[in-house]
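Okay, structure first, notes after.
The values are calculated or read from the model by the stated rules, or taken from the named source; none is laboratory data. Not measured: the values here are computed from a predicted model. For neighbour counting, all protein chains shown are included, and Cβ atoms are generated from backbone atoms with ideal geometry for every residue, glycine included. We work out accessible area using only protein heavy atoms, side chains counted, and drop any ligands, DNA or RNA first. Shrake-Rupley method; radii C 1.70, N 1.55, O 1.52, S 1.80 Å.
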Amino acid sequence: MWNIGIDVGGTFTDFFAVNAKTGMSVSFKRPSTPENPATAIIEGLAELAMARGVPQATISRLCHGTTVATNTLIQRKGAAVALLTTDGFKDLIEIGRQVRPKIYDLQADFPSPVVDRKNRIEVKERVSASGEVLVALTSEEIDRVAAELEASSVTACAIGFLFSFKNADHENRLAAELRARFPKIPFSVSSEVHPEFREYERISTTVLNAYLQPVMNSYLGELEREVRERIGPIEVNISQSSGGLMSLDRARQFPIRTALSGPAAGIVGATGMARKSGIPDVITLDMGGTSADVALVRNYQFDLAHDRSIEGFPIRLPAIDINAVGAGGGSIAWFDRDGLLKVGPESAGAYPGPACYGLGGIAATVTDANLVLGRLSTHGLLNGAMTLDIQEARRAVEPIAAKLKLSVEVAALGILNIVCANMVRAVRSVSVERGHDPREFALLPFGGAGPLHAADIAKALGIRKIIVPHGPGILCAAGLIYSDVTEGLVKTAPTKVAASTFADILDLTRSVLQNADNWYEAEDVKSELRRTKIVFDMRCVGQNFEIPVDIQDLESLTVDRLRQDFMSEHERAYGFANPEEPIEIVNFRVTAKVEAKHFMEALVPISEGPHSPDPMDERLVWFSDAGPCTTKVYDREALKPGATIAGPAIISQFDSTTIVHPGDIATVDMSLNILIEVAS
């Protein structure tokens, strides 16, 4: 009866459990075990059983967000990989694109490929841009390649041929032969991993997938064994970068899909919280210890991006469109060589952490500034489990104050103003720079530090409403439970939009829809749970980049409607559109979804209209350089629906702290989310 979301972070592993029958929920945090993330999961499940009332025999489903793939790429601890590619193109993976990593840094270089040049094997075969076989793949060539592969002593292999998205016969034949000869080596095939045009990004993604396969196979295999031994053969799903979930087998086959999944579940959870409060348009702000992730949600839908990178490696796969900035609780304040105060992106991390942790840190951080200003309690974090030292915080900020010739408190305000300005720029990049007015959205902060800074960011952007979810610090774990199991399918077939080609457009779309139906059948998905979404990647003929256009109803689609929808998206994105310009579809995309099980929520006692709760404490808090205000402190767990709090106020809870500025009004809604009306 229990469904559990588990989000593994660098410092903490978060658990969120929901009883599908009663709607009861349980959440908690425990320290992560970076040397083996599965250990924290198994120990956490045992703690759920012993201390939280969630017997392991009653667990029916686990949803897991993992950073194993991300950390493997960052630390370059993946497998020894071979690349089998078309004759003459072994160096494509190293040549890449002409764009420099940093346009104004002539010394910056791309990271060296994860596949050594000696392990790049050229294959005599060739397919044309139209899919015609120019050089056939022979049995003798397969034997030669197999002999070279055997001599290389690699533990994973990527296969990527030119134009395999048009004709994958050569890739499939070679993969079938080699899988039979080398059953212990995992093979990543580009027409399976990423069947789209742009050969560099396709082959890079395939190589990275192969690089991760042995690592993820080992980790997921151990996790599955532990879960089966302790709980039984339950359903286990893994988070994808696109915000959906996939099966364990799919995660083993395509581990690259998890590489950008860290913040994705949080966006899904934030979207669910916005839906509960009936607010369809929100800008999410996930602020943790090192960084802040910002995304835009329109009508309960988040956008996907298809070109991302990790540590300089390009990845061409669907991922939630998130803008990350180095602004977190551990971000360090420092002076640039021009004498200006900066904050971030360098972070104090979890150890030694901010100076107030008392673990040896001496640099002033955002957390230290919040403590100096009274916004954080000296009682500490996590209900007092992590104490904070106000004297150490002041000692860290004092050198900055002295250099600026300001008081410690005003210097701390300056630190917060700078870090908030960094996040305001991140919000503008996903809103103003893409044709959206942030004033038409609500701000939804989460993460341990998000609600602390939300009001400052909202005021700077002219946003008038803030939604603070009930459990902002564990929203990623909660989002995992409410995520759909998804599969992305795509076909690259550049096709001009015209009456003469419209039948071809429909046929191409239906062919991808058939692939989605095949996936549904393979996953044994009931018809009533199937949800399919169609998106065309479109552009003006001659353009180099595409705009995604949602197709609401294929049966009623017309050429004129398709042109109109594209021109509307083009004008929104770029500020103009030429109705006479010829346009084309490049990629035909279908997302197949298995609708998530929507769990009934625990009944919340209805209060008798608005009421003012009793504070549990009060303290002096700085909101501006005018001086401190006497501020009431409330326990969030004691707040019921209808509770209304006038600022200045602080709302404290286990996993986060919410600031209500003077003049702002906070109200608890029926979903136990806090809605803050921001004063103009």
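Out of segment 508-526, which residues are open to solvent by 70 Å² or more (accessible area, probe 1.4 Å) and either of a type in the set (Asp, Glu) or closer than 22 Å to Asp249 by Cα (or both)? Full working, then the answer.
Start the filter on segment 508-526 by keeping residues that are open to solvent by 70 Å² or more (accessible area, probe 1.4 Å), which leaves 510, 514-515, 518, 521-524, 526.
Hits for segment 508-526 are Gln514, Asn515, Asn518, Glu521, Ala522, Glu523, Asp524, Lys526.
Do any strands (runs of 3 or more DSSP E) lying entirely in segment 250-335 carry at least 3 residues that are out of contact with any Asp or Glu (no Cβ under 8 Å at 6 or more places or on another chain) and surrounded by fewer than 21 Cβ atoms within 10 Å (Cβ to Cβ), and which ones are they?
Working: elements: 282-287, 292-298, 308-310, 313-315, 323-325, 331-335.
Because the criterion is at least 3 residues that are out of contact with any Asp or Glu (no Cβ under 8 Å at 6 or more places or on another chain) and surrounded by fewer than 21 Cβ atoms within 10 Å (Cβ to Cβ), the strands (runs of 3 or more DSSP E) in segment 250-335 that meet it are 308-310.
State yes or no: is Tyr211 out of contact with any helix residue (DSSP H, G or I) (no Cβ under 7 Å at 6 or more places or on another chain), under 30 Å from Ile41 (Cα atoms), of a type outside the set (Gly, Ala, Ser) and in a helix (DSSP H, G or I)? If you could, list the steps in order and put the result at the bottom.
Values: out of contact with any helix residue (DSSP H, G or I) (no Cβ under 7 Å at 6 or more places or on another chain): yes; under 30 Å from Ile41 (Cα atoms): yes; of a type outside the set (Gly, Ala, Ser): yes; in a helix (DSSP H, G or I): yes.
Yes, satisfied.
Would you pick out the residues in segment 168-192 that are closer than 20 Å to Glu122 by Cβ and surrounded by 18 or more Cβ atoms within 10 Å (Cβ to Cβ)?
Passing the criteria: Ala168, His170, Glu171, Leu174, Ala175, Leu178, Ile185, Phe187, Ser188, Val189, Ser190, Ser191.
Yes/no matrix, rows are residues, columns are (1) part of a loop (DSSP other than H, G, I, E, B); (2) surrounded by 15 or more Cβ atoms within 10 Å (Cβ to Cβ); (3) out of contact with any helix residue (DSSP H, G or I) (no Cβ under 8 Å at 6 or more places or on another chain); (4) among the polar types (S, T, N, Q):
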residue	(1), (2), (3), (4)
Thr13	no, yes, no, yes
Phe16	no, yes, no, no
Thr22	yes, no, yes, yes
Ser27	no, yes, no, yes
Thr39	no, yes, yes, yes
Ala49	no, yes, no, no
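It is to be established whether one or more residues within segment 178-190 are assigned to a helix (DSSP H, G or I), closer than 21 Å to Ala259 by Cα and at pLDDT 95 or above.
In the first step, residues of segment 178-190 are kept if they are assigned to a helix (DSSP H, G or I); the result is 178-181, 190.
If we keep only those that are closer than 21 Å to Ala259 by Cα as well, we get 190.
Then drop every residue that is not at pLDDT 95 or above, which leaves 190.
Yes: one or more hits.
Show the residue pairs that are 6+ apart or on different chains and have beta-carbon atoms under 6 Å apart, the first residue being within segment 637-651 and over 25 Å from Trp622 (Cβ atoms), the second being among the small types (Gly, Ala, Ser) and surrounded by fewer than 17 Cβ atoms within 10 Å (Cβ to Cβ).
Within 6 Å, the pairs are Lys640/Ser607; Pro641/Ser607; Gly642/Ser607; Gly642/Gly609.
Listed here are the residues, each with its yes/no results for (1) among the charged types (D, E, K, R); (2) modelled with pLDDT of 90 or more; (3) in contact with a His (Cβ under 7 Å, 6 or more places away or on another chain).
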residue	(1), (2), (3)
Pro37	no, no, no
Pro55	no, no, no
Ile59	no, no, no
Gln75	no, no, no
Asp91	yes, yes, no
Ala108	no, no, no
Val114	no, yes, no
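Within segment 324-338, can you find the residues that are modelled with pLDDT under 90 and farther than 20 Å from Val372 by Cα?
Ala324, Val325, Gly326, Arg337, Asp338
Six or more apart or on different chains, Cβ under 7 Å: which pairs go from a residue in segment 47-76 that's farther than 22 Å from Ala259 by Cα and in contact (Cβ under 8 Å) with a residue 40 or more places away in the chain to one that's open to solvent by less than 10 Å² (accessible area, probe 1.4 Å) and in a helix (DSSP H, G or I)? Could you list them?
As it stands, the answer is Val54/Leu48; Gln56/Leu45, since those pairs meet every condition given.
Just the residues that are under 15 Å from Val541 (Cβ atoms) and surrounded by 13 or more Cβ atoms within 10 Å (Cβ to Cβ), please, taken from segment 562-586. Give the steps one after another, and end with the answer.
First, the residues of segment 562-586 that are under 15 Å from Val541 (Cβ atoms): 562-563, 566-567, 570, 577-586.
Residues satisfying the conditions are Leu562, Arg563, Phe566, Met567, His570, Ala577, Glu581, Ile583, Glu584, Ile585, Val586.
Would you confirm, using the coordinates I've provided, whether Ser242 is surrounded by fewer than 20 Cβ atoms within 10 Å (Cβ to Cβ) and hydroxyl-bearing (Ser, Thr, Tyr)?
Working: surrounded by fewer than 20 Cβ atoms within 10 Å (Cβ to Cβ): no; hydroxyl-bearing (Ser, Thr, Tyr): yes.
No: the conditions fail for Ser242.
Name the residues in segment 75-102 that are surrounded by 12 or more Cβ atoms within 10 Å (Cβ to Cβ) and in a helix (DSSP H, G or I), would you?
The answer is Leu92, Ile93, Glu94.
Mind checking which residues of segment 483-507 are under 29 Å from Phe576 (Cβ atoms) and either open to solvent by less than 40 Å² (accessible area, probe 1.4 Å) or among the hydroxyl-bearing types (Ser, Thr, Tyr) (or both)?
Of everything in segment 483-507, those that are under 29 Å from Phe576 (Cβ atoms) and either open to solvent by less than 40 Å² (accessible area, probe 1.4 Å) or among the hydroxyl-bearing types (Ser, Thr, Tyr) (or both) turn out to be Val490, Thr492, Ala493, Thr495, Val497, Ala498, Ser500, Thr501, Phe502, Ile505.
Can you work out which of the residues in segment 587-603 that are at pLDDT 85 or above and in contact with a helix residue (DSSP H, G or I) (Cβ under 7 Å, 6 or more places away or on another chain) is most open to solvent (accessible area, probe 1.4 Å)?
Filtering segment 587-603 for residues at pLDDT 85 or above gives 587-594.
In the following step, the residues that additionally are in contact with a helix residue (DSSP H, G or I) (Cβ under 7 Å, 6 or more places away or on another chain) were identified as 588, 590, 592, 594.
Numbers: Phe588: 2, Val590: 2, Ala592: 0, Val594: 26 Å².
The extreme case among them is Val594.
Determine the pairs where a residue that is on the phi > 0 side of the Ramachandran plot and at pLDDT below 95, located within segment 139-155, has a partner that is open to solvent by less than 60 Å² (accessible area, probe 1.4 Å) and in a helix (DSSP H, G or I) with Cβ atoms under 7 Å apart, the partner being 6 or more residues away or on another chain.
Hits for this filter: zero, empty list.
Being among the β-branched types (Val, Ile, Thr), surrounded by fewer than 17 Cβ atoms within 10 Å (Cβ to Cβ) and touching a residue at least 12 places away in the same chain (Cβ under 8 Å) narrows it down to one of Val559, Val535, so name that one. I'd like the intermediate steps shown before the answer.
On the way: Val535 fails: surrounded by fewer than 17 Cβ atoms within 10 Å (Cβ to Cβ).
None of the others qualify; the one that does is Val559.
For segment 418-453, give me the residue count where each residue is over 20 Å from the mean Cα position of the chain (by Cα), under 20 Å from Ser331 (Cβ atoms) and small (Gly, Ala, Ser).
1
Given Ala401, Ala393, Ala421, Ala363, which one is in contact (Cβ under 8 Å) with a residue 12 or more places away in the chain, among the small types (Gly, Ala, Ser), farther than 24 Å from Arg30 by Cβ and open to solvent by less than 10 Å² (accessible area, probe 1.4 Å)?
On the way: Ala401 fails: in contact (Cβ under 8 Å) with a residue 12 or more places away in the chain; Ala421 fails: open to solvent by less than 10 Å² (accessible area, probe 1.4 Å); Ala363 fails: open to solvent by less than 10 Å² (accessible area, probe 1.4 Å).
Every option except Ala393 fails the conditions.
Is it the case that segment 430-437 has a residue that's farther than 29 Å from Ile645 by Cβ, of a type in the set (A, V, I, L, M) and part of a helix (DSSP H, G or I)?
Keep residues of segment 430-437 that are farther than 29 Å from Ile645 by Cβ, which gives 430, 432-436.
Still in the running and of a type in the set (A, V, I, L, M): 430, 432.
Subset that is part of a helix (DSSP H, G or I): 430, 432.
Yes, segment 430-437 contains a residue that is farther than 29 Å from Ile645 by Cβ, of a type in the set (A, V, I, L, M) and part of a helix (DSSP H, G or I).
I want to confirm something. Restricting to segment 118-167 and keeping residues that are farther than 17 Å from Asp87 by Cβ and polar (S, T, N, Q), which single residue is least open to solvent (accessible area, probe 1.4 Å)?
Selected residue: Ser152.
Modelled with pLDDT of 95 or more and either touching a strand residue (DSSP E or B) at 6+ places or on another chain (Cβ under 6 Å) or assigned to a loop (DSSP other than H, G, I, E, B) (or both): which single residue out of Ile606, Ile676 fits that description?
Working: Ile606 fails: modelled with pLDDT of 95 or more.
The conditions single out Ile676.
Where residues in segment 340-360 are closer than 26 Å to Gly627 by Cα and in a loop (DSSP other than H, G, I, E, B), which of them is least open to solvent (accessible area, probe 1.4 Å)?
Ranking the qualifying residues of segment 340-360, first place goes to Pro354.
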